[in-house]
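None of the figures in this text is laboratory data; all of them are computed from the coordinates on show. Predicted model only: the values in this text are computed from it and were never measured. Note that each Cβ is placed from the backbone with ideal geometry, even for glycine, and that neighbours are counted across all protein chains shown.
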Amino acid sequence: MTQKEHGLDPEDWHATRQQMHRVLDACLDRMQDARALPWQPVGEAERAAFQGLAPSTGVGLNAVADRLMDDIMPFATGNTHPSFWGWVHGSGHAAGFMAEMVAAAMNANCGGRDHGAVYVERQVVDWCRNIMELPHGAGGLMVTGTSQATLLAFHAARVRALEGTALEVAPPLTAYALEGAHGCVTKALNIMGLGAGALRILPEAVGSEPEARAIDADALRRAVKQDREDGRLPFLLVATAGSVNTGTFDDLNAAARLAEELGLWLHVDAAFGAWTRLADTKWRGLSDGIGTATSIAFDFHKWLGVPYACGMLLVRDQGDLLRAYSGRGAYLEGQAEGLAGGEPWACDLGLDLSRGFTALKVWATIQAYGTDRLGEVVTMNCRQAAQMAEVVAASATFRMAAPVVSNICCFGMVDPVDDWKLAKVAVALQLEGQAVFSTTTIDARPALRAAITNHRTRRADITAAIRAAEEAAKALS
Ligand SMILES: *Cc1c(COP(=O)(O)O)cnc(C)c1O
């Protein structure tokens, strides 16, 4: 008796083609109708549809297509909507969607070897190296996002600082940053076993501006000296290009001079702020000096609107990544030719061995729109944040909570007795599908926060959202 063999390909390709086209059309409808499709809460019934055990017998592609369109697509995060400004979310676009589809069909493994996807990723790395003004010899790789890039950079910095000393006998390492560094910095230090206490938060220099925050140089020198005297190993200075809470920028040239003087690795967290490199002069200047970094972490899934998850780590010397991450077993032996060629393999530059083809959606985005048009979106969003600040400043209800430096506008209630209303206003606007602000705290008072990284936002959306927020606040009285 012969055993029946079958894989997962459909028996009826014609029917499959029709099902896939149906889903494709629904996806395009969703993108075209973005303005009509804000976030909506997931109801009890919908949640219940995602409970229970995995089916032992599948329902087939056609039934899955229906569920994708009816039960899943309507309950997206809402960041494709023009008035979504919460946290820092990208809004997506056709080029990214097209590339995702192709990447899924190719199913390339970008951990290494010699195939087309590898060359696309190298091209994207080189484009970014050039945009971020790093020299030839710099390198890097696609990662899931800035959090992963940060961890990879910090460990590479540690390997360099230890110069071959085994981790087991390493002295305690210390890192330095200004207030406002992203939580992923502490998270990375924790994962590395250094602990949150390894991060020293230093004061700003007197007269420092939010457009070019400078660390108090003498305070840093004293902290580094003290740590060395105490047997610790200072290894890392973290600068921020676009702080998550209020969109401030560190003075990167000043940070680079100090890092050089003190023998520290300069890591720049430029998760969204990196893309000010493509903006008009006024905003481009914010990230001047980014090319002095030892490493830069940034995202494509925020301001460039590339579908999640998509970020990059760049390092000034690709050798730093190879020293930290290379080394393959016999089962991963390279060859001079054939499929096992293609050195260096991306798995030798970072954590993942099996890697998706995420470079394709960046490549398609930059090819389709070009750096000029992408830069125009960055400039437009910064102008819109400034416009929001004007509307807020003219409002009797709200006051600005922090100056607008780039694309982030934070505002609070004029009267502190009304501060409790802000979180409720945010929720009300979300539930109405009006606009999405997130909430934060600035100078010990609550604030609504708009981080505008949205190519679909228009001036009228800004004014309408502030008016709606005023109405919502009034309704709470
Ligand atoms: C979003 C963000 C991060 C974390 O990046 P992920 O891509 O979400 O991991 C780090 N730093 C800043 C300034 C951010 O805005």
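For the range 247-321, DSSP calls about 60 percent of its internal beta bridges antiparallel. Available extension along the chain between Asp29 and Met73 is 14.7 nm, counting 0.36 nm per residue and deducting the alpha carbon span.
Across the range 260-273, coupling constants 3J(HN,Hα) worked out from phi with the 6.51/-1.76/1.60 Karplus curve, θ = phi - 60°, read 4, 4, 9, x, 9, 6, 9, 9, 10, 8, 10, 2, 10, x Hz, and Gly and Pro carry x.
Is the shape of the range 345-477 best called rounded, prolate or oblate, per the rule: a/c under 1.5 gives rounded, else a/b larger than b/c gives prolate, else oblate, with a ≥ b ≥ c the square roots of the Cα gyration tensor eigenvalues? Here the range 345-477 falls in the prolate category. Between the residues Ala389, Ala359, Leu173, the greatest Cα displacement towards the positive end of the dipole of the chain, with unit charges on the Cβ of Lys, Arg, Asp and Glu, is found for Ala389. Once the convex hull of all Cα atoms in the range 270-417 is built, its volume per residue stands at 167 Å³.
Computed over neighbours whose Cβ is under 10 Å from that of Phe249, the net charge equals -4, Lys and Arg +1, Asp and Glu -1. Take every DSSP beta bridge whose two residues both sit in the chain; close to 55 percent of them are antiparallel.
Only one residue of Val244, His301, Ala368 has its Cα farthest out toward the positive end of the dipole of the chain, where Lys and Arg carry +1 and Asp and Glu -1 on Cβ, and that residue is Val244. From largest to smallest, the equivalent ellipsoid semi-axes obtained for the range 193-238 from the alpha-carbon gyration tensor read 23, 13, 7 Å.
Suppose a student asked you for the relative contact order of the chain, using Cα pairs under 8 Å spaced at least 6 residues apart; what percent would you report?
On the way: 868 pairs, mean separation 99.4, N = 477.
Across the chain, relative contact order equals 21 percent.
Which percentage, to the nearest 5, of the DSSP beta bridges contained in the range 115-236 is antiparallel? Walk me through the numbers on the way to the answer.
Working: 2 of 10 bridges.
Antiparallel bridges make up about 20 percent of those DSSP assigns within the range 115-236.
Rounded to the nearest 500, the 222 nm mean residue ellipticity of the chain from helices alone is -12500 deg cm²/dmol, with -39,500 (n - 2.57) taken per DSSP H run of at least 4 residues. Note on the chain: the alpha carbon radius of gyration divided by the globular reference 2.2 N^0.38 Å gives 1.06.
Distances between placed amide hydrogens fall under 5 Å for Val143 paired with Gly311, Met312, Leu313, all partners being 5 or more residues away or on another chain.
The dipole here belongs to the range 211-325: it is taken about the Cα centre, uses +1 on the Cβ of Lys and Arg and -1 on the Cβ of Asp and Glu, and is about 140 debye. Express in whole angstrom the spacing between the alpha-carbon centres of the range 443-477 and the range 124-171. Their Cα centres are 38 Å away from one another.
Computed on the range 185-227, with alpha-carbon pairs under 8 angstrom and 6+ residues apart, the relative contact order is 25 percent. Note that the range 318-328 has calculated 3J(HN,Hα) couplings of 4, x, 5, 6, 4, 5, 7, 10, 7, x, 10 Hz, one per residue in order, obtained from phi through the Karplus relation 6.51 cos²θ - 1.76 cosθ + 1.60 (θ = phi - 60°); glycine and proline are x. Start at zero, step by 5 Å, and the Cα-Cα distances of the range 225-284 spread as 4, 17, 21, 20, 15, 10, 6, 4, 2, 0 percent across the bins. Taking the fewest neighbouring Cβ atoms within 10 Å as the starting point, the ordered list for His267, His81 is His81, His267.
Quick check: from the Cα gyration tensor, does the range 435-477 come out rounded (a/c under 1.5), prolate or oblate? Working shown, then result.
Numbers: a/c = 3.03, a/b = 1.21, b/c = 2.50.
Note, shape of the range 435-477 comes out oblate.
Computed over the range 401-476, relative contact order equals 33 percent, with contacts defined as Cα pairs under 8 Å that lie 6+ residues apart. Close amide H partners of Arg200, meaning residues 5 or more places away or on another chain with modelled amide H under 5 Å apart, are Ala175, Tyr176, Ala177.
Selection among Ile72, His89, Gln40 by position relative to the dipole of the range 22-125 gives His89 as farthest towards the positive end (Cβ unit charges, Cα centre). Both radii were evaluated on the Cα set of the range 124-272; the Rg over Rh quotient, with Rh as the Kirkwood radius, amounts to 0.95. Dipole size of the chain about its Cα centre, with +1 on Lys/Arg Cβ and -1 on Asp/Glu Cβ: approximately 480 debye, rounded to the nearest 20. Fewest-first ordering of Tyr176, Tyr325 by other beta carbons within 10 Å of each residue's beta carbon gives Tyr325, Tyr176.
About its Cα centre, the range 23-172 has a charge dipole of approximately 380 debye under the convention of +1 per Lys or Arg Cβ and -1 per Asp or Glu Cβ, with nothing else charged. Taken along the Cα-to-beta-carbon direction at a fixed 7 Å, the label points for Thr2 and Ala105 span 3.2 nm. Taking amide H as placed 1.01 Å from N in the peptide plane, Trp265 has its amide H under 5 Å from the amide H of Leu236, Leu237, each at least 5 places away in sequence or on another chain. Pairs of lysines in the chain whose Cα atoms sit within less than 28 Å of one another amount to 8, provided the residues are eight or more positions apart or on different chains. Applying the Karplus relation 6.51 cos²θ - 1.76 cosθ + 1.60 with θ = phi - 60° to the range 111-116 yields 3J(HN,Hα) values of x, x, 6, 10, 7, x Hz, where x marks Gly and Pro.
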